[in-house]
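Have a look at the structure below, then the notes.
The values are calculated or read from the model by the stated rules, or taken from the named source; none is laboratory data. Since we're looking at a predicted model, the values are computed, not measured. As a convention, Cβ positions derive from the backbone with ideal geometry for all residues, glycine included, and neighbour counts pool all protein chains shown. These area figures cover heavy atoms from the full protein model, side chains too; ligands, DNA and RNA do not enter into them. Shrake-Rupley method; radii C 1.70, N 1.55, O 1.52, S 1.80 Å.
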Amino acid sequence: MMRVSQTALAPFREAGVATWAMETTDFLAKTYGTYFYALGTRTHDLEAMCTTVHRWASRRGCDGNRLLRQLCCLSVSLGHRFWQDPRFGDYVATTVEDRSIPRAKAVAMLIEHGTTWLDALWTDDDIKDFGERLCTLILGHYSVNSETLRYVLPGHGPMFSAEDETRLLVWLGPRLPACQFNHQRLAYTCLALALGTEWWKDPQYRMLAHHVSAQTDPQQLVNRILPMFRAMP
C-alpha cells in the first residue's frame, strides 16, 4: 500500500487554509464593513489575520469552520494575537488551552470571557469618543501616566489595581515600536489598551500604525487619525 507523507500533503493543507481565509475574509468584510472601511483595511490584510487565527486555533483542536470564524470575530475585537495579550492569558488558559473541555464549549467560554471584558472596557463609551480623547492628549503634549490613561479610556481604570497597571505598562514598554517623539509613544500605549497589545502588528490596523509611525508632528498625526475614528460605526 502506498503511503503519503505528511510533508507531501502540506501544500494541499496550505491551499485549503488559503481558501478558507478568503471565504472568512468575505464574511468579516460583510459583518464589519463600515469599521474596516474607516480603518482603510484591505481584503489582503484580513486574510493575513484569518490565517494567523486558523493556525493558532487548529493546533488546539478548534478547527471547525464555525469555531474558527467565531475566533476570527474575537480577534477583530480583542486583537489579532489576543492569546499573547497578558490581559487575556487566564481566559485562554482556562478554555481552549484546556484539552479536557469540548472544543465548542471551550470557544464559547472564551467568547463569553472576551465579551464580558469588552462590556466592562467600553461601558458608556465607544471607539469614536476614545479617538477624540486620544487626539486631545496628543495635541496637549501629554505623557503616559495613570491620569491620562484613565482619561482616554475610562473603562480601563476600574479593571486594574495600580500595581497591575504598572506591571502591564512595564511589560508593554519594551515591546512598543521604537519612536522619537512623546506623542507617538502616547498613541502606541493608549491604542494598545483599546485595540490589543500588539495592535501595530495587527493587519487590521495597518494604516493606523503607518500614521502613528510616520507622523512626527502631533497636529499632522491628529489630522490623519481623527477622521478614521470619526468614520467608525
Considering residues of segment 78-94 that are open to solvent by 50 Å² or more (accessible area, probe 1.4 Å) and of a type outside the set (A, V, I, L, M) only, the residue nearest to Trp117 (Cα to Cα) = Tyr91
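Filter segment 98-123 down to the residues that are hydrophobic (A, V, I, L, M, F, W, C) and open to solvent by less than 20 Å² (accessible area, probe 1.4 Å) and list them by number. Steps first, answer last, please.
Of segment 98-123, the ones hydrophobic (A, V, I, L, M, F, W, C) are 101, 104, 106-111, 117-118, 120-122.
Once the filter is applied, which keeps residues that are hydrophobic (A, V, I, L, M, F, W, C) and open to solvent by less than 20 Å² (accessible area, probe 1.4 Å), segment 98-123 yields Ala106, Val107, Leu110, Leu121.
For Arg185, state whether it is over 21 Å from Arg150 (Cβ atoms), assigned to a helix (DSSP H, G or I), open to solvent by 70 Å² or more (accessible area, probe 1.4 Å) and of a type in the set (D, E, K, R). Explain how you work it out, then say what you get.
On the way: over 21 Å from Arg150 (Cβ atoms): no; assigned to a helix (DSSP H, G or I): yes; open to solvent by 70 Å² or more (accessible area, probe 1.4 Å): yes; of a type in the set (D, E, K, R): yes.
In short, no.
Residue-by-condition table, conditions (1) closer than 30 Å to Leu46 by Cα; (2) of a type outside the set (S, T, N, Q); (3) surrounded by fewer than 18 Cβ atoms within 10 Å (Cβ to Cβ):
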| position | (1), (2), (3) |
| --- | --- |
| Asp125 | yes, yes, yes |
| Gly155 | yes, yes, no |
| Ala162 | no, yes, yes |
| Pro174 | yes, yes, yes |
| Cys190 | yes, yes, no |
| Thr197 | yes, no, no |
| Pro218 | yes, yes, no |
| Met232 | yes, yes, yes |
Count, please, the residues in segment 1-34 that happen to be open to solvent by 40 Å² or more (accessible area, probe 1.4 Å), assigned to a helix (DSSP H, G or I) and either aromatic (Phe, Trp, Tyr) or at pLDDT 85 or above (or both).
-> 11
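What number of residues in segment 177-229 are among the basic types (Lys, Arg) and in contact with a helix residue (DSSP H, G or I) (Cβ under 6 Å, 6 or more places away or on another chain)?
Here is the first cut: in segment 177-229, the residues among the basic types (Lys, Arg) are 185, 201, 206, 224.
Imposing the further condition that a residue be in contact with a helix residue (DSSP H, G or I) (Cβ under 6 Å, 6 or more places away or on another chain) reduces the set to 206, 224.
Within segment 177-229, residues that are among the basic types (Lys, Arg) and in contact with a helix residue (DSSP H, G or I) (Cβ under 6 Å, 6 or more places away or on another chain) number 2.
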